[in-house]
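For reference, the structure discussed in these notes is given below.
Since every read-out is calculated from the coordinates, none of them should be taken as a lab result. The shown structure was predicted, so the numbers you read here are calculated from the model rather than taken from an experiment. When we count neighbours, we look across all protein chains shown, and the Cβ atoms used for this are built from the backbone with ideal geometry, even at glycine.
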Amino acid sequence: MSRTRISNGLVVTAADELRADVLIDGQTVVALAATGSAVADSWQADTVIDATGCYVIPGGVDAHTHMELPFGGTAASDTFETGTRAAAWGGTTTIVDFAVQPRGGSLRAGLDAWHAKAEGNCAIDYGFHTIVSDVTEPVLKEMDQLTDSGESTSFKLFMAYPGVFYSDDGRILRAMQRAADNRALVMVHAENGIAIDVLVEQALAAGRSDPRYHGEVRRELLEAEAVHRAVKLAQVAGSPLYVVHVSAGSALAEIATARDQGLPVFGETCPQYLFLDVDKLAEPDFEGAKYVCSTPLRPREHQAELWKGLRTDDLQVVSTDHCPFCFVGQKELGRGDFSKIPNGLPGVEDRMDLLHQAVLDGRISRRRWVEIACAAPARMFGLYPRKGTIAPGSDADLVVYDPAAAHTLSAATHHMNVDYSAYEGTRVGGGVRTVLSRGAVVLDRGRWLGRAGHGRFLRRDTCQYL
Ligand code: DUC
Ligand code: ZN
Ligand code: ZN
């Protein structure tokens, strides 16, 4: 089996920063030793990667993606092949995507469909959450089986999107009760979709059809209210709760209050809420449609609240909710009616760099960068320490990251299969130099060396924060 040594880098994990060499045997990290030590110098390796001046970090874990998601009358434009390749270009080596239960069908049917899309096509390892769109007795039993087998140990329920993914409070409570028994993690899209649909109807009737009204009708209060309700339902059920894509300061405050009460409530935000604001939705010539996602972008002042939440650990994870739709032909479906714009933003390739920029800006520490982007999502979704850290026994999913590099995010240079960048023209400091996925170099100094089919499906443990 071939051995690789990564020398002279600063190894950064959520816990430590060490000047250390890393030894990989086959697909696995087998040892770390101080750079220049007799132990490190005694290592024989077939390949040596010189990481002088660079960080050596665990590969990113993006726990919220939607490759090929059928949504809004179309489908997300990244396939598992293009999306996982783009993820690797950006230093992410694991994704957890969402298999969707077909309405009236089983969770099994949803997972089978997602396995069929992903198998043999992924450049990096991948796992699945399950979107539960129809809570029935047989579905609750399936939750037990899937959690026991590790095929899917987390289940997303929607308080938004009536008629599509929506579950009422009773159904959500039932799923949470089941999760309290079987140790699964319930993830909630927390927006009051019933109330939002009333506001959508009223806005359209009043002729307010531009993308910017997407941000107006999806009111902050209706996110905060839904988070509050989800917390109370979870409390009644005695289950943990993970709130996805938190965008509003008041919604975060509900999570912080719950955590202060000692409840097992967790929160995720996404780069779009940390770096973009609601003004984007008002860009002329329908360009605002590029920024239509749900939860929506918020006024700028929310960003400081979210950064604070990341520092205080009231938010634990930054995922992307990567759900790309091309401007031409897809976002355009909503010309004249903002409610028909497919919801979602691209970002799987940009997350590690944007968060590193936050390190340079002094918003978070280097270790916190690795924690929110690698270690915490791995722990949250039962993948640690196989993923999310660098330790003997961990998968050799590693990124050599050059903090002195810089580049400009742009659709002209990105690898996501989408015709625009949400961060077009944004200059970021730092850059991915080399990426290894289970010991294989998939990217080196701008050269793609990976292949579709290298990525394997990951069975997962239950949430490791419980
Ligand atoms: N939000 C999005 O923006 N896209 C996909 C689904 C979701 O909840
Ligand atoms: Zn959602
Ligand atoms: Zn999502």
Quick one: the Cα spread of the chain along its three principal axes, in angstroms, biggest first? 72, 50, 42
Pairs of alpha carbons in the range 151-191 whose separation is greater than 15 Å (percent): 37
Cβ neighbours within 10 Å, averaged per peptide: list 43-50, 227-234 in order, most packed at the top. 227-234, 43-50
Among the complete DSSP H segments of the chain, which ones combine at least 15 Å of alpha-carbon extent along their axis with a mean Kyte-Doolittle hydropathy of 0.0 or more? 193-205, 220-237, 249-260
Whose amide H sits under 5 Å from the amide H of H322, counting only residues 5 or more places off or on another chain, with H placed in the peptide plane? H66
Count the net charge of all other residues whose Cβ sits under 14 Å from the Cβ of T79, scoring Lys and Arg as +1 and Asp and Glu as -1. -3
Per-residue Cβ contact counts at 10 Å, fewest first, order S77, S410 as S410, S77
Tally Lys/Arg at +1 and Asp/Glu at -1 over every other residue whose Cβ is under 12 Å from the Cβ of Q261; what's the total? 0
Which order do E371, E201 fall in if you start with the one that has the fewest other Cβ atoms within 10 Å? E201, E371
So how do W369, W89 line up by other beta-carbon neighbours within 10 Å, fewest first? W89, W369
Would you compute the Debye intensity of the range 363-466 from its alpha-carbon atoms alone, equal scatterers and no solvent, and pass along log10 I(q)/I(0) at q = 0.24 Å⁻¹ to two decimals? -1.34
The range 230-266 and the range 342-402: distance between their alpha carbon centers, rounded to Å: 23
Could you please report the charge total around Q202, scoring K, R as +1 and D, E as -1 over all other residues with beta-carbon less than 11 angstrom from its beta-carbon? -2
Applied in sequence order to the range 36-41, the curve 6.51 cos²θ - 1.76 cosθ + 1.60 (Karplus, θ = phi - 60°) yields integer Hz couplings, x standing for Gly and Pro, of x, 6, 4, 5, 4, 5
Counting pairs on different chains as well as pairs 8 or more places apart, how many Lys pairs in the chain have Cα atoms under 14 Å apart? 4
For the range 427-466 and the range 136-197, distance of Cα centres in Å: 29
